[in-house]
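The values are calculated or read from the model by the stated rules, or taken from the named source; none is laboratory data. Values in this document were obtained by computation on a predicted structure and should not be read as measured data. Cβ coordinates were reconstructed from backbone atoms using ideal geometry, including for glycine residues, and neighbour counts include every protein chain displayed.
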Amino acid sequence: MFESAGGRVVADRYVLADRLGSGGMGTVWRAWDHLLQRTVAVKELHAAGGGYEQQASMRRVLSEARAIARVTHAHVIDIYDLVEFDGGLWIVMELVPGGSLSERVRSSGLLSPVETARVGLEVLSALEAVHAAGALHRDVKPANVLLREDGSSVLTDFGIAALSGHTGLTGTGGVVGSAEYMAPERLRNQPAGPASDLFSLGVTLCFLASGQTPFARGDLTATSFAVAFEPPSVHVRGPLGDVIEQLLDKDPAERPSSAQLTDALQSIADGVPRAVQATLRQPVQPARADRRRTATARADRRRTATAGANRHRTAITGAIAVVVLLAGAGVTAYVAGDDSGSGSPDPTGQTPTGAPAVSRMDAVMPVPGVQGRFWFFSGGEYMVAEVGADPASARRVSGPAP
């Protein structure tokens, strides 16, 4: 169902008709351009904050939207106009009536490996054009890939790229973007680059082929932790699954380049897949040796990723005891269920004075770049604590806060 805009006119030119969708970054309307006599899509961007912060966001939007508007590519949405109106910014673009990839999966089921590879090639070519223009997308996901009537893909919804200020977090620590599709470096508030968009493309391909994303855990904090530290759960077999695992490497430098990815996806789309490890990492070897090396390399990567996650859990487990000491500050103490023994009761059977009973922790994450400092998430609250050499030296830095 569409919601009528009551004939509102933007910039004396664009007559809003139906609301096509709305999200955290903006609302999209079907509109009529009465100057050129054509139907268009108009996106009203929602810039966070006010005053200087909003002005800075608008400048970023204008700069990046102009860069994208200069891109002429079959798989990038055409941007027709940028309008400042009624205190906000509006982007006028082509109307693509075919729905999104996420809607396609819901209505028609999963894509075959060949179809998934074809879509991957189209979105990858779009990203290459955007990166060449000096911009990043930062929110590649099935909902942001539209389908034209001929079935071809169109990458859209670039507003978040500028509004995010080239990072994964807002100034207040809130995540900008879809956590399960976001590259780990963005969640760690580290610089993003083209490889960050390729990571999101890998998650997208996984969803198209399996109906599942590799890091979804049911809530934001657990999903963010999985993206940042845990190995992916890729329920896609064969060469396509290998490609996806390569794209989901935690280290951006270890992900395949656009050229390597194009080669691998093209071979799958053509129905003659080559060994991914050979395609992406090393010269082609005899088939049997290739398979052995690929299987060994994948097993080594899984062991390394698991060991890395375990190291993070070990460090966090040492910090979890701190929560009990700090619980009297007002945050309920929780214990991570994955750490066996960490939830053992006090031998005396007593609970520390002023502290609530220990039950379960939703998530613990190290604060990037700050040694010994952790975020502790419990229900609807969180706090930041600093952990020293022993629990007695721990102190609460901030929180509890919603």
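Remark: pairs (first residue in region 189-201, modelled with pLDDT under 90; second residue crowded, with 20+ Cβ neighbours inside 10 Å and in a helix (DSSP H, G or I); Cβ separation under 8 Å; 6+ apart in sequence or on different chains) = PRO191/GLU185; ALA192/GLU185; ALA192/ARG186. In region 278-287, the qualifying residues are those that are assigned to a helix (DSSP H, G or I) and farther than 24 Å from ALA129 by Cα, and the one that is modelled with the lowest pLDDT is ALA278. Residue-level analysis places GLY171 among those that are in a loop (DSSP other than H, G, I, E, B) and either modelled with pLDDT of 90 or more or out of contact with any Asp or Glu (no Cβ under 7 Å at 6 or more places or on another chain) (or both).
Count of region 220-252 residues, restricted to those that are of a type in the set (Asp, Glu) and at positive phi, is 0.
May I ask you to verify whether ALA222 is aliphatic (A, V, I, L, M), without any contact (Cβ under 8 Å) to a residue 12 or more places away in the chain and out of contact with any His (no Cβ under 7 Å at 6 or more places or on another chain)? Against the criterion (aliphatic (A, V, I, L, M), without any contact (Cβ under 8 Å) to a residue 12 or more places away in the chain and out of contact with any His (no Cβ under 7 Å at 6 or more places or on another chain)), ALA222 does not qualify.
Looking at region 224-243, which of its residues are out of contact with any strand residue (DSSP E or B) (no Cβ under 9 Å at 6 or more places or on another chain), surrounded by 18 or more Cβ atoms within 10 Å (Cβ to Cβ) and under 14 Å from GLU180 (Cβ atoms)? Outline the logic, then answer.
Our first condition is that a residue be out of contact with any strand residue (DSSP E or B) (no Cβ under 9 Å at 6 or more places or on another chain); within region 224-243, this holds for 226-227, 230-243.
Keeping just the survivors that are surrounded by 18 or more Cβ atoms within 10 Å (Cβ to Cβ) gives 226-227, 230-232, 234, 236, 239-243.
Within region 224-243, ALA226, VAL227, GLU230, PRO232, VAL234 qualify.
Working only within region 243-277, note down all residues that are assigned to a helix (DSSP H, G or I), among the β-branched types (Val, Ile, Thr) and either at pLDDT below 95 or outside the structural domain of ASN189 (by TED's automatic domain parsing) (or both). Result: VAL276, single match. For region 109-134, which positions are modelled with pLDDT under 95 and surrounded by fewer than 22 Cβ atoms within 10 Å (Cβ to Cβ)? Correct list: ALA129, HIS131, ALA132, ALA133, GLY134. For region 85-102, the tally of residues that are closer than 15 Å to THR156 by Cα and either in contact with a helix residue (DSSP H, G or I) (Cβ under 8 Å, 6 or more places away or on another chain) or of a type outside the set (D, E, K, R) (or both) stands at 12. Residues of region 229-242 include at least one that is over 20 Å from ALA117 (Cβ atoms) and either within 11 Å of the chain's Cα centre (by Cα) or part of a helix (DSSP H, G or I) (or both). Hey, TYR14 hits all of (1) crowded, with 18+ Cβ neighbours inside 10 Å; (2) farther than 19 Å from PHE158 by Cα; (3) at pLDDT below 70 but one; which does it fall short on? Answer for TYR14: the failing condition is (3).
When MET58 is tested against the conditions (1) part of a loop (DSSP other than H, G, I, E, B); (2) hydrophobic (A, V, I, L, M, F, W, C); (3) more than 21 Å from LEU127 (Cβ to Cβ); (4) at pLDDT below 90, the lone failure is (1). If we keep just the residues of region 200-215 that are among the hydrophobic types (A, V, I, L, M, F, W, C) and under 11 Å from the mean Cα position of the chain (by Cα), which is farthest from LEU127 (Cα to Cα)? Ranking the qualifying residues of region 200-215, first place goes to PHE215. Within region 198-228, the set of residues being part of a loop (DSSP other than H, G, I, E, B) and among the β-branched types (Val, Ile, Thr) comprises just one member, THR213.
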